[in-house]
Structure formats: structure tokens, C-alpha cells
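The values are calculated or read from the model by the stated rules, or taken from the named source; none is laboratory data. Everything numeric in this text was worked out from a predicted model, so none of it was measured. Heads up, the Cβs are rebuilt from the backbone with ideal geometry, glycines too, and the neighbour counts pull from every protein chain shown.
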Amino acid sequence: MEFIGTAADTLEKLRDNWPRPGRAYRHALDSCQDVIRGWAPSYLARTAFEEVVKEAGLHLHF
């Protein structure tokens, strides 16, 4: 199990050999970058990450 706590952590995880880059993947990258730049609220990165996890067939544990 791995803890991802920030948009920067999420961006690093996505860029580090993500198993299935697809449409949600690109959106998640953009969302994380927007949050890091201060252009968007952090919940947008979380929502995008949840979608990219589903797209890859992975599961989140809360």
C-alpha cells in the first residue's frame, strides 16, 4: 500500500511508469499541474486521480 498525499505526489506517481496511460491519465496530469500552479483547487486533482485509477483497473483504499 502506498500513501499519496499531495498533487505533487500524485503527479510523480503518474509519471513513474503508470500502467495504462489513457484519456483519464492525460486529464489527471493536467489537473495535478493546475493544482500545483495554484490555478485549481486540490479536490480536482483527487477526483482526476480517482478516475485514472479506475481507468487502469486499480483500486483505492481510504
Given the criterion out of contact with any Leu (no Cβ under 8 Å at 6 or more places or on another chain), at pLDDT below 95 and exposed (fewer than 15 other Cβ atoms within 10 Å of the Cβ), identify the matching residue among Arg23, Arg37, Arg15.
Arg23
With among the hydroxyl-bearing types (Ser, Thr, Tyr) and either at pLDDT 95 or above or buried (at least 18 other Cβ atoms within 10 Å of the Cβ) (or both) as the only criterion, which of Thr10, Thr6 stands out?
Thr10
